[in-house]
2 protein chains.
Amino acid sequence: QDFKCNSKSIYLRYFCISFHYVWPLPQIVIPSPERYQLKPQSFSFGYRRNLDTKHSCSVLDAAFKRYFSILFPGYTYGDENEVFTLTISLDRHDCQGYPNQDSSERYKLSVFAGQASLNAETVWGSLRGLETFSQLVYQDDFGSYYVNKTEIEDYPQFNYRGILLDTSRHYLPVQAILKTLDAMAYSKFNVFHWHLVDDPSFPYQSQKFPDLSNKGAFHPVTHIYTQSDVRRVISYARMRGIRVLPEFDSPGHTKSWGKGQSELLTPCYRGDTPSGTFGPVNPTLPSTYQFMASLLKEVASVFPDPYIHLGGDEVDFSCWRSNPYIRAFMHKMGFGLDFSKLEAFYIEKIVNITSVLRKTSIVWQDVFDYHERRKFLSVVEVWKQGCYLCEVRRVVKAGLRVILASPWYLDQPGPTHNWARYYNVWPLAFKGTEKQKSLVIGGEVCLWGEYVDATNLSPRLWPRASAAAERLWSNERQTSCVERAFPRLQEFRCKLLRRGIQAEPLYVGHCKHEYQSGIF
Amino acid sequence: QDFKCNSKSIYLRYFCISFHYVWPLPQIVIPSPERYQLKPQSFSFGYRRNLDTKHSCSVLDAAFKRYFSILFPGYTYGDENEVFTLTISLDRHDCQGYPNQDSSERYKLSVFAGQASLNAETVWGSLRGLETFSQLVYQDDFGSYYVNKTEIEDYPQFNYRGILLDTSRHYLPVQAILKTLDAMAYSKFNVFHWHLVDDPSFPYQSQKFPDLSNKGAFHPVTHIYTQSDVRRVISYARMRGIRVLPEFDSPGHTKSWGKGQSELLTPCYRGDTPSGTFGPVNPTLPSTYQFMASLLKEVASVFPDPYIHLGGDEVDFSCWRSNPYIRAFMHKMGFGLDFSKLEAFYIEKIVNITSVLRKTSIVWQDVFDYHERRKFLSVVEVWKQGCYLCEVRRVVKAGLRVILASPWYLDQPGPTHNWARYYNVWPLAFKGTEKQKSLVIGGEVCLWGEYVDATNLSPRLWPRASAAAERLWSNERQTSCVERAFPRLQEFRCKLLRRGIQAEPLYVGHCKHEYQSGIF
């Protein structure tokens, strides 16, 4: 990279006037040393009186209350004596819907004496602007609140900015998920990729197949997500402009499915007899596809997002190879000994089922790697280590869209200063046309669950995930310098503590308000 | 090590009768399949009516309440209808004192139908026995409580089993320290080594030198330990049989001291003029020793433990070398260019001051390494990586006592399965006489503060520190097998969760009661 710390830039101006930082960095900021005092008693949010927003908006009404208590902890929102008003206007009145891959998150924020105006194309953009505004407000040593005259124009670099939580290897209480959604909104993440089920447990309580969690969850009552839990998560996420992307990974990673759905998994053989263990989903039986169609139909109706993640990673062929019926099917289909052809056969059918349900499928890069007819696919998530940009390039050259996860496997513990590793990632630093680069729709932080549960989720995720958040939101030319990002990230981490997020320290030092709650 | 997992041992018996595990493993356990139901409403603790315990004991009265709510969460202790009584007898009625290096922690616990008896030489031993009893009680699937007929004779392998917390690199709220003391008692740790002050901050509020924290703490009001905070920590620890060992590390690691105590630190020079920066404590001025004597006199009276940790590690000579007055002093003393002689000169004076205060000093291994007149020293803490047992051997050959810390630097993050590394430590595996080995008084887990504060302290410490706890308490021949320890440690980790300790997971799986509190 040639745009490094020594480049002259807009930053110098910020440092000179002790600008109060916003994380992730907005695209265009015009700061000013002029500051205005804010009084909790006389601060209010309001709608611009125009035709489009004549009705109030439930998403924003809730956001007003939330941000008021973030701005002024300990005060209650009551809009009397309005002396300072933040007025919101929306180009489109889309309060009833869900955010999606194409939602504009663009906003314009202007702070003047006695007022601020926030304009956005969509309600989701206005949520991003509210977050930015909340980070502009600061307290002096005597506790008075201030905000500086500021103009900001902002939009994300990438539309897909996700965090994956794995609720199969360890069960995460719903509260832990909601808390993560809070923290995601603070870093402007917009996709919660819910890796719901996997080998160890199946905590999703299906309407059609209740035995999947009855028999496949760690516990059929205390370690499951009911339909009402799932609705709660989706609604909580929506209120913060966050999509919920469900993943039902198959044909591998499905051991727990087999407990509640007999004949779904492949019986492994030792010699001529079944060994009693089971392998991946059995791709040779029509009943498999009937079951998958039925399950995915339910998933498609429970989760409003137009995308479903179908997994498809790390399929172990040894069990398929051991099974004489599978081998016979291979022979009949003319697959020879190439089990990846069988795998492709299965995934194509599942992708088809998903298309019929009018959902777009996302798969892990494995599917792209072995699949010969790649046009079948839509979005590929690149996760393997090594030259991940080589893989990104291969996928976009095939005309498919990419989500990049490889550099952001945050379940790996490490000293917090590793945040710089997650910051120094350049998703577009490969040779390709503009059109190819536009196929990189974003990136994702993966917090796999082998060593993570509610006890360590927050400090492992925050503030390291925020480093990825800035990479995915901000202009990379303005955010290429780790040294300059460090004090900003330190300040942001203190803001997270102040908001009750258990974000671990970056290095020696302190925050005005240390983490207190949750100790007892 | 030749005593590995394949050795036949007492364990097989445990597995056969589904013994409910105790961590750390007691020295002698005679389990039985016979079990008795316990009812919260009719369970009580009592004193054996004999001459020695005719007065009640405040330490035990508090422990009874604590362990009742650990045994039966949600119930309140009221001793009506005693159907099952745990009766305690003490050989010595030492309830008013403090635990110390020579306190016996030996206890004998017998559980029979309708009663249990716990005999100990000291009140501290009886606390260890109560902890063991609390781990023997379990619930069936319907919530009923049970305890099996059991006989246990137990005592620690090492008398010093410590945890170091660093409150200088990050400030830890008092509540976080108290919570750690709770968890320490669950793993039978008995020393809280309080690394109070260091370069970054001086949070100890001195009575005689209030400017040390006024100017040297991160914040003079919110980021300090008042005298009352310190008393609270000492008393809370005592109630759990835990000593508090204060460390005031000098002459290095003292940058923060210089802010509130002028002329204490050495002015560094650039050429012929002071550079404006400061180095280690200035060992050439009489005022230094007056100050240190006065400070240590206060420390000796505030902290009841007969030991004080004087630090003495990692002294950087470059500043001393730059200072012409220091060089002149070196010349006058005949030290030549050997600054370690100057260092030894300083430490000897500080050790002397400590002896006059009737306290025994502990130093980091650096002091032993450079000090020629080693008989001056008493206890050496070995912390450097590499062949730490070589160093242990050198220290005991010099006739000094050793605390081993090198293998237990838990501030290093790593996957939780690293617990095995902390478990597979053999402090006595060096060539030496029995008498030399007896000089190894124990070991210590160090949780340095560069990357640790209240947000991540608990999951970083637990359950990994518990691996060290078993090594320091239990018979190494019975606890040499990681594979056998794993399920026991998993069960113990679930107990920690149940008690509100944010202990991170060892691997994929679940606990009946997942961590809930502290999420919001």
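Suppose a student asked you for the relative contact order of chain A, using Cα pairs under 8 Å spaced at least 6 residues apart; what percent would you report?
Answer for chain A is 14 percent.
To the nearest Å, what is the center-to-center distance of segment A:454-520 and segment B:398-431, using C-alpha atoms only?
Distance between centres, Cα-based: 32 Å.
Before anything else, pin down the relative contact order of segment B:197-329: Cα pairs under 8 Å, at least 6 apart, normalised by residue count, whole percent.
Normalised by residue count, the contact order of segment B:197-329 is 27 percent.
Report the semi-axes of the equivalent ellipsoid for segment A:288-332 in whole Å, largest first, where each axis is √(5λ) for an eigenvalue λ of the Cα gyration tensor.
They are 30, 13, 7 Å, listed from largest to smallest.
For label points placed 7 Å from Cα toward Cβ, what is the shortest-first list of nm distances from residue B:139 to its copies?
Inter-copy label distances (nm, one decimal, shortest first): 4.0.
For a quick protection proxy, order the peptides A:431-444, B:125-138 by their average other-Cβ count within 10 Å, most packed first.
The peptides rank, most packed first, as B:125-138, A:431-444.
Can you tell me what the convex hull of the Cα atoms of chain A projects to on average, as an area in nm²?
25.8
With bins 10 Å wide starting at 0, give me the P(r) of segment B:218-354 over every alpha carbon pair, in whole percents.
11, 37, 31, 15, 6, 0
Starting from the coordinates of the alpha-carbon atoms of segment A:110-228, obtain the Kirkwood hydrodynamic radius over all distinct pairs and give the value in Å to one decimal.
Its Kirkwood hydrodynamic radius stands at 17.5 Å.
Taking segment A:328-453, how much of its Cα-Cα pair set, in percent, is spaced more than 22 angstrom apart?
Roughly 47 percent, rounded to a whole number.
Counting only helical runs of four or more DSSP H residues, what would the 222 nm mean residue ellipticity of chain A come to if each run contributes -39,500 (n - 2.57) and the total is spread over all its residues?
Dividing the helical sum by the residues of chain A leaves -10000 deg cm²/dmol.
Which FRET efficiency value, to the nearest 0.05, is calculated for residue A:512 and residue B:262 with the Förster distance at 25 angstrom and r the Cβ-Cβ distance?
Given R0 = 25 Å and the Cβ-Cβ separation, E is 0.35.
Over segment A:179-281, what lengths in whole Å, largest first, do the semi-axes of the equivalent ellipsoid take, defined as the square roots of 5 times the eigenvalues of the alpha-carbon gyration tensor?
The three semi-axes for segment A:179-281 are 33, 15, 9 Å.
Can you pull the mean other chain C-beta count within 10 Å for peptide B:413-419?
Average per residue, whole number: 4.
Treating the beta-carbon of each Lys and Arg as +1 and of each Asp and Glu as -1, no other charges, what is the dipole magnitude of segment B:160-480 about its Cα centre, to the nearest 20 debye?
About 920 debye.
For chain B, take the longest principal axis of its alpha carbons; what is the angle in degrees between that and the long axis of helix B:388-397, to the nearest 10 within 0 to 90?
80
Roughly how many nanometres apart are two label points built 7 Å out from the Cα toward the Cβ at residue B:232 and residue B:199?
3.1
Take the Cα radius of gyration of segment A:28-154 and divide it by 2.2 N^0.38 Å, with N its residue count; two decimals is plenty.
Cα-based Rg divided by the globular estimate yields 1.03.
What are the distances, in nm and sorted shortest first, from the label point of residue A:73 to the label points of the same position in each other copy, with each label point placed 7 Å from Cα along the Cα-to-Cβ direction?
Result, one decimal in nm: 2.7.
Over the whole of B:445-453, what's the average partner chain Cβ count within 10 Å per residue? Rounded to a whole number, please.
4
Calculate how steeply helix A:286-302 sits against the longest principal axis of the alpha-carbon atoms of chain A, using the helix alpha-carbon long axis, and give the answer as 0 to 90 degrees to the nearest 10.
10
Can you list the copy-to-copy distances for residue B:301, using a point 7 angstrom from Cα toward Cβ, in nanometres, shortest first?
7.8
For peptide B:164-174, how many partner chain Cβ atoms fall within 10 Å of a residue's Cβ, on average?
Mean partner shielding for this stretch: 2.
Restricting everything to alpha-carbon atoms, can you work out Rg to Rh for the protein assembly as shown with a Kirkwood hydrodynamic radius?
Rg/Rh for the protein assembly as shown comes to 0.99.
With a 10 Å radius around each residue's Cβ, average the other Cβ atoms per peptide and rank B:355-366, A:25-36, A:397-408, B:184-195, highest first.
B:184-195, A:397-408, B:355-366, A:25-36
To the nearest 10 degrees, how steep is helix A:227-239 against the longest Cα principal axis of chain A, on a 0 to 90 scale?
Helix A:227-239 sits roughly 40 degrees off the main axis of chain A.
Laboratory data are not the source of any read-out in this text; all were calculated from the coordinates shown. On a predicted model such as this, the values are computed, not experimentally measured, just so you know. Cβ coordinates were reconstructed from backbone atoms using ideal geometry, including for glycine residues, and neighbour counts include every protein chain displayed.
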